[in-house]
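In what follows, a single structure is set out as structure tokens and then discussed.
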Amino acid sequence: MHLFFFFGVFLCSTLQRSDSDAQIGDTPGTVLNCCEGDILLLLDSSGSVANYEFSRLLPFLAELLRPFSLGRGHVRVGLLQVGTRPNLEFGLNEHSSQSALQEALRSTRQLHGDTNTEAALAVARRLLAGAGAEVPRILLWLTDGVQPGDVDGPMAELKAQGVSVLVVSTGHGNYQVLQRAVTPPVADHLYFVDIDDISIITEDLRDAIIDIIRAERLRVVHLSSHDAVLQWRPVLSADSGFYELQYSCVPSSGVDCGEGRQHRRTLPGDSSWAELKNLQPETTYSATLRPESNQELFSALSVTFTTHPDVLSPAVVSVSDSGPHQLRVSWGPLQPARVQSYRVEYGAIPSGPVSTVALHSHQNSTLLSGLQPDTQYLITVGALHASGRETAMSVRACTQQAISPSFLPMFVDGSPAAALPALADLQLTPTDLHGVQAEWSGHGEGLRGYWVSWEPEISSTSSSKPSASSAYLPANLLSMQLTQLVPDSRVCVSPVYSSGRGEGLCCTVERHTGRFQPVGLTA
């Protein structure tokens with residue numbers, strides 16, 4: 001008589017389909033924000049498995065994995081087949097959409113040959129070890145139980161690495177061997193089932209997987225000197241409860257948290273992120289998020305972070321668009337809430353008259369025209385802060401010769417500057433329907449920071465096209481979360497060096513496909 005082991009986990013709202021999923025082209029039924037982890041399927045594909053049985057296992061796996069959102073930050077799935085030699089059908093990073101995963105499962109063919117599970121487990125151990133321990137990892141072994149070999153040692157090594165092992169046996173396998181292979185609790189992680197009845201364990205096995213890889217953590221996805229963005233995977237819905245967010249300054253040596261250091265906010269149940277503003281620079285904060293629901297008791301999530309040192313604009317000044325009679329000067333970071341106005345002063349070196357341009361606090365670039373060709377200028381950008389403090393930064397730059405139509409990016413001390421290294425890479429990852437996480441990499445001597453620009457979403461009361469927003473980040477920050485973007489928004493990142501701005505990269509967010517399409521270079 002075959003044994004069946006079942007258990008249930010309340011899925012809350014995680015198996016509900018969201019509107020955003022339909023827009024990224026995944027198979028119906030996909031859930032978002034449920035889980036984060038790696039699942040490696042170890043599929044017995046040897047000759048001991050009948051063709052009919054193998055053909056039933058693949059649709060079972062397709063249905064089992066169908067609700068999961070795939071890719072980095074969600075669930076990654078790999079398939080390793082057991083035969084005379086292990087065969088990696090596809091790796092953990094290969095498929096980031098349900099349509100691709102489902103097609104890969106349909107295209108999988110049986111290996112036949114011997115049941116060399118030990119060799120396959122050695123490969124599985126390397127794959128899961130290389131994936132890292134930052135997220136939960138699962139090995140799901142599907143076998144007919146016929147002569148699996150000596151798997152006790154390899155399975156013990158996997159579990160010692162923190163890998164959870166689950167087993168589905170479709171034959172009269174050695175119960176003692178399989179019992180030792182799985183991670184406790186055995187009743188939730190070991191399933192014996194006839195191949196014709198395998199669909200009846202789908203929900204229970206999926207619940208067991210979700211229980212392991214359900215992401216319950218509060219993360220800081222953006223941090224500056226005065227702001228922080230916290231993100232979590234929602235366990236509530238708009239009508240099932242709400243979140244209580246508390247955050248406060250952590251007193252330490254040299255830091256005065258002041259009065260009112262405890263802050264409390266109530267957030268809707270469908271929230272997944274919160275922005276904390278008006279923080280103190282170089283200060284440690286502790287935040288706690290409590291899901292409140294009458295339907296289920298949830299654990300509180302906590303995170304501690306330290307804000308960056310204060311950066312006062314202008315922290316960087318660069319010059320571009322050089323011509324015989326003009327120069328464009330740009331500066332950052334843009335701090336309209338803290339800066340009342342900017343003043344740009346420029347004059348020919350060594351003794352030319354000084355001109356002044358006054359600009360409002362929302363402007364971080366201006367074109368200086370009417371200049372003399374082939375002349376070096378000293379340009380100073382000053383900022384008047386709301387606190388009354390004034391800060392300034394100066395650069396030297398040369399206009400081009402009137403006889404030369406070619407583009408010279410910048411001159412320093414009368415000599416043309418070498419070409420500045422371009423941005424090495426730019427990637428966008430969706431965080432929700434209107435947001436992305438931008439990640440990039442740069443290199444080169446004298447790298448000071450990065451310019452990031454994007455198109456924000458306009459309010460429903462405005463009919464005008466939104467102007468691009470921008471921010472300057474120091475060189476140690478290589479990512480930024482952007483929210484409330486317009487459809488098909490263009491995100492650009494450029495490296496800023498001590499001698500000017502290097503060539504950047506831009507990507508366009510194509511919301512109807514969920515892909516991010518590079519659209520070329522920008523300076």
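Conditions (1) polar (S, T, N, Q); (2) assigned by TED's automatic domain parsing to the domain that holds Ser494; (3) closer than 11 Å to Pro314 by Cα; (4) not in a loop (DSSP other than H, G, I, E, B), marked per residue:
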| position | (1), (2), (3), (4) |
| --- | --- |
| Ser330 | yes, no, yes, yes |
| Gln335 | yes, no, yes, no |
| Gln340 | yes, no, no, yes |
| Gly347 | no, no, no, yes |
| Pro350 | no, no, no, no |
| Ser355 | yes, no, no, yes |
| Ala358 | no, no, no, yes |
| Gln363 | yes, no, no, no |
| Leu368 | no, no, no, yes |
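Quick check on the range 364-391: of everything there that is exposed (fewer than 14 other Cβ atoms within 10 Å of the Cβ) and within 39 Å of the chain's Cα centre (by Cα), which residue is nearest to Gly347 (Cα to Cα)?
Per the stated criteria, the residue is Leu367.
Being surrounded by fewer than 18 Cβ atoms within 10 Å (Cβ to Cβ) and touching a Phe, Trp or Tyr at 6+ places or on another chain (Cβ under 8 Å) narrows it down to one of Ala104, Ala122, Ala156, Ala129, so name that one.
Ala104
Considering only residues that are over 18 Å from Ala129 (Cα atoms) and not in a helix (DSSP H, G or I), which ones fall in the range 90-108?
His95, Ser96, Ser97, Ser107, Thr108, listed by residue number.
May I ask you to list the residues in the range 159-173 that are surrounded by 14 or more Cβ atoms within 10 Å (Cβ to Cβ) and either more than 18 Å from Arg125 (Cβ to Cβ) or of a type in the set (A, V, I, L, M) (or both)?
Val163, Val165, Leu166, Val167, Val168, Ser169, Thr170, Gly171, Gly173 - these are the residues of the range 159-173 that are surrounded by 14 or more Cβ atoms within 10 Å (Cβ to Cβ) and either more than 18 Å from Arg125 (Cβ to Cβ) or of a type in the set (A, V, I, L, M) (or both).
Quick test for you: out of Glu296, Glu275, Glu244, pick the one residue that is in a loop (DSSP other than H, G, I, E, B) and more than 23 Å from Glu63 (Cβ to Cβ).
Just a single option satisfies the conditions, and that option is Glu296.
Table: residues versus (1) assigned to a strand (DSSP E or B); (2) crowded, with 17+ Cβ neighbours inside 10 Å.
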residue	(1), (2)
Asp196	no, no
Ser199	no, no
Thr202	no, no
Leu205	no, yes
Ile209	no, yes
Ile212	no, yes
Val229	yes, yes
Arg265	yes, no
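Looking for whichever is under 24 Å from Ala397 (Cα atoms), at pLDDT 80 or above and among the β-branched types (Val, Ile, Thr) here; the options are Val496, Val491. Which one fits?
Val496
Filtering the range 76-89 down to residues that are buried (at least 17 other Cβ atoms within 10 Å of the Cβ) and in contact with a Gly (Cβ under 6 Å, 6 or more places away or on another chain), which residue is nearest to Thr202 (Cα to Cα)?
Gly78
Under 9 Å between Cβ atoms, which residue pairs at least 6 apart in sequence (or on different chains) link something in the range 44-64 that is of a type in the set (S, T, N, Q) with a partner that is in a helix (DSSP H, G or I) and surrounded by fewer than 18 Cβ atoms within 10 Å (Cβ to Cβ)?
No pair meets every condition.
So, in the range 70-112, exactly how many residues are polar (S, T, N, Q) and touching a His at 6+ places or on another chain (Cβ under 7 Å)?
Looking only at that region, the number is 0.
Tell me which residues, restricted to the range 155-164, are free of Cβ contacts under 8 Å to residues at least 12 places away in the same chain and among the hydroxyl-bearing types (Ser, Thr, Tyr).
none
Okay, residues lined up against (1) of a type in the set (S, T, N, Q); (2) modelled with pLDDT of 85 or more; (3) touching a Phe, Trp or Tyr at 6+ places or on another chain (Cβ under 6 Å):
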position: Arg264; (1), (2), (3): no, yes, no
position: Gly269; (1), (2), (3): no, yes, yes
position: Lys277; (1), (2), (3): no, yes, no
position: Tyr285; (1), (2), (3): no, yes, yes
position: Phe298; (1), (2), (3): no, no, no
position: Thr306; (1), (2), (3): yes, yes, no
position: Val311; (1), (2), (3): no, no, no
position: Gln340; (1), (2), (3): yes, yes, no
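Take Ala475 and decide whether it is modelled with pLDDT of 80 or more, small (Gly, Ala, Ser) and closer than 24 Å to Val311 by Cα.
So Ala475 fits the description; yes.
Quick check on my filter: what residues within the range 111-154 are part of a helix (DSSP H, G or I) and free of Cβ contacts under 8 Å to residues at least 24 places away in the same chain?
Hits for the range 111-154 are Arg126, Gly130, Gly153.
Any residue at all in the range 212-227 that is in contact with a strand residue (DSSP E or B) (Cβ under 7 Å, 6 or more places away or on another chain) and either at pLDDT 90 or above or at positive phi (or both)?
Checked the range 212-227: no residue is in contact with a strand residue (DSSP E or B) (Cβ under 7 Å, 6 or more places away or on another chain) and either at pLDDT 90 or above or at positive phi (or both).
The values are calculated or read from the model by the stated rules, or taken from the named source; none is laboratory data. As the structure is a prediction and not an experimental result, all values here were calculated from the model. Positions of Cβ are generated from backbone atoms using ideal geometry, with glycine treated the same way; all protein chains shown enter the neighbour counts.
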